[in-house]
1. For B:200-207, what's the mean count of beta carbons from other chains sitting within 10 Å of each residue's beta carbon?
2. Keeping every protein chain in place, order B:D596, B:D431, B:D309 by accessible area at 1.4 Å, biggest value first, i.e. largest first.
3. Could you tell me what percent of the DSSP beta bridges with both partners in the protein assembly as shown are antiparallel, to the nearest 5?
4. When the distances between all Cα atoms of the range B:85-240 are binned every 5 Å from zero, what whole-number percent does each bin get?
5. What is the spread of the Cα atoms of chain A along each of their three principal axes, largest first, in whole Å?
6. What average count of beta carbons from other chains do you get within 10 Å of the Cβ of residues in B:273-285?
7. Could you give the dipole magnitude of the protein assembly as shown about its Cα centre, charging the beta-carbon of Lys and Arg +1 and that of Asp and Glu -1, in debye to the nearest 20?
8. If one computes P(r) from the Cα atoms of the range B:356-433, what percent of pairs lie at distances over 22 Å?
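The values are calculated or read from the model by the stated rules, or taken from the named source; none is laboratory data. Because the structure is a prediction, the values reported are computed rather than measured. Note: ideal-geometry Cβ built from the backbone for every residue, glycine included; neighbour counts use all protein chains shown. What goes into the accessible areas is simple: the full protein's heavy atoms, side chains included, and nothing from ligands, DNA or RNA. Shrake-Rupley method; radii C 1.70, N 1.55, O 1.52, S 1.80 Å.
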Amino acid sequence: MTATVQNATVQKKICVLGGFGVGKTSLVKRYVQSIFSETYLTTVGVKIDKKTVNLSDRIVHLILWDVAGEDDISSLRMSYLRGSAGYVLVADGTRRSTLEVALSLRQRVSADCGPLPFVLLLNKNDLKEQWAIRDAELDDLRQNGWWARSSSARTGEGVEDAFKDLAARVAH
Amino acid sequence: MSTSAATLEWLFRPPPSDAGIDRKALAGLLVELARNVEPEFCVQSTGVPPVDPRLEQLRTLLLGREIEIMSRLSELVEDPERLAVAVGQVLPTAIAHASSDARLGQVLAPALERATQSSIRSDPRTLVNILHPLIVPAIRKSIGEAIDKTFQSLNESLKHSLTWRGLRWRCEAWRTGTPFAEVVLKHTLVYQVEHIFLIHRHTGLLISHVAAEDAASQDPQLVSSMLIAIQDFVRDSFSGVEQQGLDTLRLGELRLWSEPGPFATLVAVIRGNPPEELHETLRSALSQIHAERHQALESFDGDSSAFADVEAHLTECAALRQRARQPARASFPWLVAVIGLVLLGLAGAAGWRWWQNERIDAAEQRRWAGAIARLRTEPGIVITEAARQGGAFVVSGLRDPLAIEPETVLREAGIDTNRLVLRWAPYEGLDPEFVLKRLKTSLEPPPGVTLAVEDGRVVATGSAPARWLERARLAARLLPAGSPGLDLNGVENTDEAATAKLLQATKSLRETIQSREIHFDSNESLPAAGQDAILDQLARELKELASLASTMRVPARVTLTGHSDDVGRGTLNLSLSLARSGAVLALLKKRGVDPDLLSVRGAGPLEPLNAEGSVTARSANRRVSFTVGTEEQQ
């Protein structure tokens with residue numbers, strides 16, 4: 001018999017949320033450990049990945065629930081959010097509407113699960129010429145205490161930082 | 001200030017309503033205070049008056065509020081009604097505060113038990129209503145599992161009840177006194193628990209995972225979360241009850257059994273065919289874990305290091321298996337095998353012989369049935385009984401003498417005619433073929449007539465004399481009822497035809513003859529020149545007429561009428577006309593015409609062809625004409 005649970009580690013459930021086509025699945029794809037195919041997203045509506053973050057004092061396994069992207073907030077399966085320690089909000093920096101979806105998602109989650117730690121990633125920052133979010137807006141969000149950053153699935157910019165920050169916050 | 005011992009005495013003696021004040025000490029204290037203010041003040045402590053209103057005033061001044069509160073409190077405490085109201089207001093809060101104290105439960109338990117008992121006694125329905133939502137799903141599940149278990153054992157019992165192994169297990173059941181179904185299950189359910197996951201229900205995080213030695217799987221943390229996600233998915237999609245979820249998943253020979261607990265779900269991945277009791281084993285492991293680690297499970301936040309001890313329970317579950325029995329090669333029972341083979345050989349030989357006999361018998365039976373069936377199709381044969389009696393084939397029935405010889409048919413069908421016993425009673429069949437045969441024999445149709453069967457009737461065609469037709473009609477009328485019937489419409493009556501032909505011929509001959517005329521020169525009694533050819537022709541025609549008339553058996557008569565023109569005297573003309581017809585008669589007689597056929601008359605000029613009186617008309621009028629009289633006209 002082999003026990004696979006290690007002692008110096010902690011697991012946390014993290015939801016990855018965002019509007020349709022913001023690229024959250026591809027954003028995390030290269031940085032996570034995954035055994036399930038993306039068809040789970042369209043069939044079951046959720047796909048589980050794992051991101052292990054090494055903090056100074058412990059190892060945090062972030063169990064990522066990549067919930068199928070829907071622009072219609074009401075159709076979000078709230079049962080998938082149950083028990084989350086935190087969440088990753090993803091918006092598409094080239095489409096303003098997706099940021100609004102992300103904001104309303106945050107409100108919905110706050111209403112249902114209380115104030116959970118979260119990070120906001122504005123994806124596709126490699127498409128600078130189509131960028132639709134002003135830096136000032138991002139700054140405003142940060143002033144409100146948000147951890148917000150632009151990211152790129154192509155370059156990986158922002159992704160590791162976001163997981164690290166989130167891991168540090170949920171593990172305490 | 002004067003005082004007396006009596007007043008002090010009173011002061012020392014406390015009033016019944018005012019307990020607890022040491023009045024003597026108080027008085028002493030007051031005297032001491034007075035002495036401090038005025039050193040000359042000297043008074044015996046006994047000199048305090050019994051009722052000193054000032055003292056009371058002082059007391060009120062100092063303790064007035066407390067006295068008031070005290071009196072309110074004492075009223076409250078002493079009045080049970082008011083006390084109950086007051087306690088009731090704080091009781092929930094008090095219990096909430098005390099709930100962390102284990103003693104509260106202990107203290108309340110007996111009272112609650114008694115209360116529950118009396119509640120059930122007074123109206124059990126209340127409790128039933130309360131427990132219904134909890135108990136019913138549990139009962140349903142339990143019954144479901146019991147039924148599954150029964151079915152499983154029934155299935156297995158049926159599957160194995162008639163095999164050699166089954167017999168052995170029956171022996172074992174009989175020997176050990178256990179039900180057969182249980183023995184079967186024990187031997188047939190081969191399974192192995194490969195993985196056990198203990199998953200936190202709320203977060204889907206893995207609490208603990210144990211795998212069997214040779215089991216492979218993906219990252220258990222991911223798997224456990226996905227399992228919970230799928231359960232959520234099913235519950236959301238098909239609006240299941242919160243407490244229920246997927247309890248069984250099956251993929252080929254892998255099964256996933258999920259046992260939900262209040263805080264954690266136990267998922268077992270099982271390869272093979274597990275018995276239903278395994279549910280119970282898993283459930284009891286889960287309840288034990290819940291009992292031991294209730295608090296830790298409830299507050300689980302992703303740190304599973306505290307659950308190291310849980311592994312022991314899971315390991316126990318993961319060790320569960322039932323291996324397939326390997327056939328014991330070493331102790332192969334040779335003797336049994338040899339005896340078995342010999343018996344098998346004997347049985348085989350006997351079986352072969354029996355089978356051969358059966359086969360021959362069956363072939364003969366088939367041939368016999370075929371022959372009888374063929375015989376039945378033959379017209380004019382009615383089989384009333386066909387059976388094999390001993391070695392003989394017995395056939396009895398009715399047979400039309402015109403029918404085929406039954407023996408021939410049976411011989412052709414391969415039946416040994418030596419073993420045949422045939423009993424036929426004669427009868428007249430109404431099959432069209434037989435009717436035809438019979439009619440042919442009895443009617444002897446003339447060469448021009450053909451008799452044949454057409455649409456179930458006997459139809460005669462061709463031509464026949466009237467006499468034969470008459471006979472045939474009579475025969476047709478005499479045919480028995482229900483027989484095919486004889487159709488004679490297609491037969492031409494040759495006699496009638498001939499008569500008609502003769503009549504026609506006679507008619508045309510008469511017309512020809514009547515159109516003939518023999519012409520004469522004026523005042524001559526012999527025909528004019530050139531009339532010979534007409535006379536020759538006429539003679540031939542008259543002879544033909546005579547022959548026709550004789551054939552038709554009718555008398556024929558040809559009248560020769562002599563005519564004259566109207567020149568000259570009447571009597572002369574009359575005799576001339578008669579002489580002319582006589583001359584023609586003579587000339588015809590000379591040409592071979594039977595004179596009996598002919599008669600003569602003289603018409604003189606009275607029947608002229610043309611009454612114009614011209615030369616041409618007169619010439620035409622000088623003639624002999626012919627009138628043919630037959631029976632028809634008489």
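1. Taking the mean over all residues of the peptide, I get 5.
2. B:D596, B:D309, B:D431
3. Looking only at bridges with both residues in the protein assembly as shown, the antiparallel portion is about 60 percent.
4. Taking all Cα pairs of the range B:85-240, the binned fractions are 2, 7, 8, 7, 9, 11, 11, 11, 12, 10, 6, 3, 2, 1, 1, 0, 0 percent.
5. Largest to smallest, the principal-axis extents are 55, 37, 32 Å.
6. Neighbouring Cβ atoms belonging to other protein chains average 0 per residue here.
7. 3040
8. Here the long-distance tail beyond 22 Å is 23 percent of all Cα pairs in the range B:356-433.
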